[in-house]
1. Kindly provide the set of residues from segment 138-163 that are in a strand (DSSP E or B) and over 18 Å from residue 203 (Cβ atoms), ordered by number.
2. Scan segment 34-53 for residues that are surrounded by fewer than 18 Cβ atoms within 10 Å (Cβ to Cβ), outside any loop (DSSP other than H, G, I, E, B) and within 35 Å of the chain's Cα centre (by Cα) and jot them down.
3. Considering each residue of segment 219-255, count those that are modelled with pLDDT of 65 or more and either out of contact with any strand residue (DSSP E or B) (no Cβ under 8 Å at 6 or more places or on another chain) or in a loop (DSSP other than H, G, I, E, B) (or both), and give that number.
4. Identify all residues within segment 198-215 that are in a strand (DSSP E or B) and surrounded by 13 or more Cβ atoms within 10 Å (Cβ to Cβ); write none if there are none.
5. Take the residues in segment 120-134 that are over 16 Å from the mean Cα position of the chain (by Cα) and part of a strand (DSSP E or B), then tell me which one is nearest to residue 176 (Cα to Cα).
6. Would you check if there is a residue in segment 95-104 being at pLDDT below 70, loosely packed, with under 13 Cβ neighbours inside 10 Å and either in a strand (DSSP E or B) or touching a helix residue (DSSP H, G or I) at 6+ places or on another chain (Cβ under 8 Å) (or both)?
């Protein structure tokens, strides 16, 4: 008998279709190592299909949210996809380093414009701010020089005193970056009776270049409506109610739209929960009254069915949908806590401690796995895990995806810091 000859082949002998399929299911770091073995593997390892598969594989491994791209992934070239994959993993590793703190820092300015509020759009590229003159400005943090551009211009009387608040609702069904922007303008006039709160909804889309890359943001006005103010009989002063509405059913000239009123106390944050529950600061409410008449013509219940979770912080994160539950993270004076609301029964909500530290500050910014706060002149970052999840991939704003942290500086500036990855 003659010995059987070996039928094995090296990678350089494989057809491009087979080698591409193998590399699509290889870890990204191994692809980088393999491309150093020979010119053939080096060339094939730059194929678009390989890095598109690796990026999607990384997104599927994320417990909460995948990478938020500005445009459809098929419009990225292979080099851009490879950069996204490397950033995705390096940012995750960067957050996990002991005593992590950003080393790369720059300051952005809005010249001669005092700033009221700020919001980093998911993905970390676009940063929105509202100033005391009533403008909504935005910065492209990926640009070499981030300069302020006007998204929504000043719309109010020059003598008015304006306080702006903004909120963002991402539209993940759109292939390109698109979101709804709610702008609340508190208009303070010298005559209290003329003071009012105007809420505007804007649809934010984009301008693209010939390669399909977003180069600018564009605002389209969708709806405006007034929010009702009430009179406190005891003090004879005006105050605002916490009002929950379907903005698509409103109009600017009438208060006849349906709205849910919480006449209990003043709230800084409201979030929607399953089964018509609402989270307001550290209170959860059910069966709130719905009205269509002005509050002055309605009799509101003096007490509302609610559950108090005993958290001192009034600020909490966005909702994280994980394992059939909605989760909100709170930064408190004793560390970081979370309220977990099961989808099937929010009544069984659970309060969980994620990080315990008596030196923590409740004005920090907490995200799913990380929290940042300022103590004196020092920025500190804390990493924490969840008991049921082993792994997840002035003002402080934190974006886990890009590794960016934004802190407020002087009256007209924000400090942009990024992990040195």
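The values are calculated or read from the model by the stated rules, or taken from the named source; none is laboratory data. All of these numbers come straight from a predicted model, not from anything done at the bench. Cβ sites come from the backbone with ideal geometry, for glycine too, and all protein chains shown count toward neighbours.
1. Keep residues of segment 138-163 that are in a strand (DSSP E or B), which gives 138-140, 149-152, 161-163.
Of everything in segment 138-163, those that are in a strand (DSSP E or B) and over 18 Å from residue 203 (Cβ atoms) turn out to be 139, 140, 161, 162, 163.
2. 48, 49
3. Residues of segment 219-255 modelled with pLDDT of 65 or more: 219-228, 241-255.
In the following step, the residues that additionally are either out of contact with any strand residue (DSSP E or B) (no Cβ under 8 Å at 6 or more places or on another chain) or in a loop (DSSP other than H, G, I, E, B) (or both) were identified as 228, 241, 246, 249-255.
Counting residues in segment 219-255 that are modelled with pLDDT of 65 or more and either out of contact with any strand residue (DSSP E or B) (no Cβ under 8 Å at 6 or more places or on another chain) or in a loop (DSSP other than H, G, I, E, B) (or both) gives 10.
4. Step one: of segment 198-215, the residues in a strand (DSSP E or B) are 198-208, 214-215.
198, 199, 200, 201, 202, 203, 204, 205, 206, 208, 214 - these are the residues of segment 198-215 that are in a strand (DSSP E or B) and surrounded by 13 or more Cβ atoms within 10 Å (Cβ to Cβ).
5. From segment 120-134, those over 16 Å from the mean Cα position of the chain (by Cα) are 130-134; that's our starting set.
Now narrow it down to the ones that are part of a strand (DSSP E or B): 130-131.
Details: 130: 24, 131: 27 Å.
This residue is 130.
6. Yes - at least one qualifying residue is present in segment 95-104.
Quick grid of which residues meet (1) part of a loop (DSSP other than H, G, I, E, B); (2) farther than 18 Å from residue 81 by Cα; (3) touching a helix residue (DSSP H, G or I) at 6+ places or on another chain (Cβ under 9 Å); (4) modelled with pLDDT under 90:
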residue	(1), (2), (3), (4)
5	yes, yes, no, yes
8	yes, yes, no, yes
12	no, yes, yes, yes
29	no, no, yes, yes
32	no, no, yes, no
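Here is a yes/no grid of residues against (1) at pLDDT below 75; (2) in contact with a helix residue (DSSP H, G or I) (Cβ under 9 Å, 6 or more places away or on another chain):
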residue	(1), (2)
257	no, yes
274	yes, yes
299	yes, no
303	yes, no
317	no, no
